[in-house]
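Colleague: Structure below; questions to follow.
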Amino acid sequence: MNSLVSSKDLRRHTIEMLLQNAQDFMDKDQVRTSTGTVANLFFENSTRTDLSFQMAAQRLGLRTLHFDVSHSSTSKGESLLDTLETLEALGVDVVVIRHSIDWPKALEGYKLNMGLVNAGSGAFEHPTQALLDALTMRQHFGSLRNRKVTIAGDIRHSRVARSNLHILTELGAHVQFAGPDSFRPSDLPEVPWVDLDEAIEETDVLMMLRIQHERHVESTDVSTYHEQYGLTEQRLRRLRSDALIMHPGPVNRGVEICTAAMEDPRSQILKQVKNGVEMRMAILDWCLQGGKYGKLVSA
Ligand code: CP
């Protein structure tokens with residue numbers, strides 16, 4: 001099996017291959033029956049990622065195992081590794097994992113003969129989200145080379161921003177971040193930090209991010225956030241007519257983005273959700289193509 005645990009492991013040719021395979025699933029309404037069993041382990045809540053992985057597996061003809069973390073033996077103290085070894089012994093082929101910790105790092109050095117897919121690891125990575133975001137941009141622009149992508153909001157706590165940075169940069173786009181200084185990430189000093197009001201007219205893609213309150217140590221006051229840092233109706237008017245508005249969801253309307261922006265023809269928000277199914281079909285299919293003894297980290 002192949003595994004997809006970090007966007008940093010994906011080079012351009014692998015990204016292009018995955019994007020094209022996802023596009024083929026969409027354009028040709030391609031039916032591909034793969035064999036295998038997929039289990040989703042979600043230790044954090046999810047609507048889009050969990051359901052789209054389930055839909056992707058079903059459309060590939062894969063068996064899916066329902067794994068409800070709250071009813072599992074993890075509540076009795078079983079570790080993530082022991083849970084995964086149990087799934088391996090049961091004959092599961094691919095496990096899709098979302099967890100609040102940097103779980104790929106926690107599993108480093110352990111050998112599991114299953115494909116592992118990162119559906120979100122703390123504030124570190126969300127590579128399948130970044131791939132579906134790239135697919136959405138590619139459908140609109142063709143090539144992403146030299147496209148300017150502004151990611152605005154709570155960058156410090158965002159796994160989406162980190163994974164998008166790697167995938168989009170690998171595809172030749174220029175990524176810049178915007179938001180309150182308190183959300184500026186200390187681990188990414190090389191990424192341009194811009195004022196949204198100065199950057200908005202020259203951006204090709206504006207990706208708004210939710211404030212990740214669940215990762216904040218202290219509560220954050222959002223009473224003036226929308227006017228200061230959000231995509232307001234006024235900023236929406238200044239966005240180019242051919243620019244894209246994106247958001248990985250879930251959205252907090254009236255905080256990082258106004259309702260008018262969500263309903264604007266430039267908004268790709270529901271298209272991102274839709275693209276998530278075919279993108280995850282391509283990812284699961286690729287994991288299963290990797291043979292019995294793939295690598296924990298992808299090629
Ligand atoms: N974008 C995203 O990961 O959404 P969910 O938390 O609903 O899966």
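Read-outs: derived from the displayed coordinates by stated rules, not from any lab. This one's a predicted model, so the numbers in the text were calculated from it and none came from an experiment. Counting neighbours? That spans all protein chains shown, and the Cβs are built from the backbone with ideal geometry, glycine included.
Colleague: At 7 Å along Cα-to-Cβ for each site, give me the label-to-label distance between residue 220 and residue 51 in nm.
Modeller: With each label point 7 Å from Cα toward Cβ, the separation is 2.5 nm.
Colleague: With runs of 4+ DSSP H residues as the only contributors, calculate the mean residue ellipticity of the chain at 222 nm using -39,500 (n - 2.57) per run, divided by the residue total and rounded to the nearest 500.
Modeller: Numbers: 11 runs with 111 residues, N = 299.
My calculation for the chain gives -11000 deg cm²/dmol from helical runs alone.
Colleague: Measuring from label point to label point, each 7 Å out along Cα→Cβ, what is the residue 146 to residue 108 span in nm?
Modeller: 3.8
Colleague: If exposed trypsin sites (Lys or Arg not before Pro) are those in a DSSP loop with at most 10 other Cβ within 10 Å, what is the longest stretch of the chain that has none? Show your work: numbers first, answer last.
Modeller: Numbers: sites that count: 28, 111, 145, 292.
Segment 146-291 is the longest.
Colleague: What range in the chain is the longest one free of GluC sites (Glu not before Pro) that are in a loop by DSSP and have at most 11 other Cβ atoms within 10 angstrom?
Modeller: Details: sites that count: 108, 190, 218.
Formally, the longest exposed-site-free interval is 1-107.
Colleague: Between residue 74 and residue 264, what FRET efficiency comes out of the Förster formula 1/(1 + (r/R0)^6) with R0 = 45 Å and r the beta carbon distance, rounded to 0.05?
Modeller: 0.60
Colleague: Between helix 80-90 and the chain, what is the angle of the helix's C-alpha long axis to the longest principal axis, kept within 0 to 90° and rounded to the nearest 10?
Modeller: That helix lies at roughly 50 degrees to the long axis.
Colleague: Would you kindly state the longest site-free stretch of the chain, with sites defined as chymotrypsin sites (Phe, Trp or Tyr not before Pro) in a DSSP loop (not H, G, I, E, B) surrounded by at most 11 other Cβ atoms within 10 Å?
Modeller: Details: sites that count: 110, 293.
That would be 111-292.
Colleague: A further question on this structure: Taking the Cα centre of the chain as origin, sum charge times position over the Cβ atoms of Lys and Arg (+1) and Asp and Glu (-1), and report the length of that vector in debye to the nearest 20. Intermediate values should be presented prior to the final figure.
Modeller: On the way: 33 positive and 39 negative charges, 156 e Å.
For the chain, the charge dipole is close to 740 debye.
Colleague: If I fit a long axis through the Cα atoms of helix 159-170 and take the longest principal axis of the Cα atoms of the chain, what angle between them do I get, 0 to 90°, rounded to 10?
Modeller: Helix 159-170 and the main axis of the chain meet at about 90 degrees.
Colleague: Just grab the label-to-label distance for residue 187 and residue 85, each label 7 Å out from Cα along the Cβ direction, in nm (one decimal).
Modeller: 2.8
Colleague: Then there is this: Relative to the first principal axis of the alpha-carbon coordinates of the chain, what is the inclination of helix 12-27, with its axis defined by its Cα atoms, in degrees from 0 to 90 and to the nearest 10?
Modeller: Around 90 degrees separate the two axes.
Colleague: For the chain, build the charge dipole from Cβ charges (+1 Lys, Arg; -1 Asp, Glu) around the Cα centre, then report which of 289, 236, 113 sits farthest towards its positive end.
Modeller: Farthest towards the positive pole: 289.
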